[in-house]
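Have a look at the structure below, then the notes.
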Amino acid sequence: MYLLFNKQGEFSGFSYGNLTDKEKKDGFNIKEITDEEHKTYIEKTNMKGYTYYLENDEVVERSPKPDLFHIWNTESKEWNYKKELEISVLEEELGSLELEITNIQKEIKNLKEAGKTFAAKKLEKENIELDKTYQEKLKRYEELEG
């Protein structure tokens, strides 16, 4: 039984028995494992969200990634939070939300001028939800910026 890793060292799957020509041809990095190790890998990947990587010919277990703002540190073998990454993502999201809110407000104005009050009210509800999302993200951004 084998663990298969792609060329970047990321876990790709298992091979049971003999390796196929496709697995050999596709350039998988291969690590032979016992049946007991296989059970452990299956349980941790399926039940607990762990992933595996091949680093320096050693299988490294990684706990589930907490969120988009964590980067794997190969030396300490743990996820490290990157504040600047979260700030960058929030800046992008806030800009997109501002644009979307502005466009919806223009559309609401046009609908009202055209006498389409029902459609305008529907968009106003959507605008309220977007503004709520915007305020939540802005609050988080301000917390991070101190």
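The values are calculated or read from the model by the stated rules, or taken from the named source; none is laboratory data. What you see is a predicted model; the values in this text were computed from it and never measured. Cβ atoms come from the backbone with ideal geometry, glycine included; neighbour counts cover every protein chain shown.
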For this session: Quick one: which residue in Asn73, Asn56, Asn46 is under 30 Å from Lys139 (Cα atoms), among the polar types (S, T, N, Q) and free of Cβ contacts under 8 Å to residues at least 40 places away in the same chain?
Result: Asn73
Exercise. Which residue out of Leu4, Leu85 is among the aliphatic types (A, V, I, L, M), within 30 Å of Tyr141 (Cα to Cα), surrounded by 11 or more Cβ atoms within 10 Å (Cβ to Cβ) and touching a strand residue (DSSP E or B) at 6+ places or on another chain (Cβ under 9 Å)?
Worked result: Leu85
For this session: Restrict the check to segment 95-105 and report whether at least one residue is within 19 Å of Leu144 (Cα to Cα), surrounded by 12 or more Cβ atoms within 10 Å (Cβ to Cβ) and within 17 Å of the chain's Cα centre (by Cα).
Result: no
Exercise. Among Asn80, Asn46, Asn73, which is the only one that is among the polar types (S, T, N, Q) and loosely packed, with under 10 Cβ neighbours inside 10 Å?
Worked result: Asn46
Exercise. Any chance segment 14-22 includes a residue that's under 30 Å from the mean Cα position of the chain (by Cα), closer than 18 Å to Val60 by Cα and at pLDDT 80 or above?
Worked result: yes
For this session: From the list Ile71, Ile33, pick out the single residue that is under 26 Å from Ser15 (Cα atoms) and in the same structural domain as Ser12 (by TED's automatic domain parsing).
Result: Ile33
Exercise. Among (1) among the aromatic types (Phe, Trp, Tyr); (2) under 26 Å from Ser12 (Cβ atoms); (3) in contact with a Leu (Cβ under 7 Å, 6 or more places away or on another chain), which single condition is Tyr53 missing?
Worked result: (3)
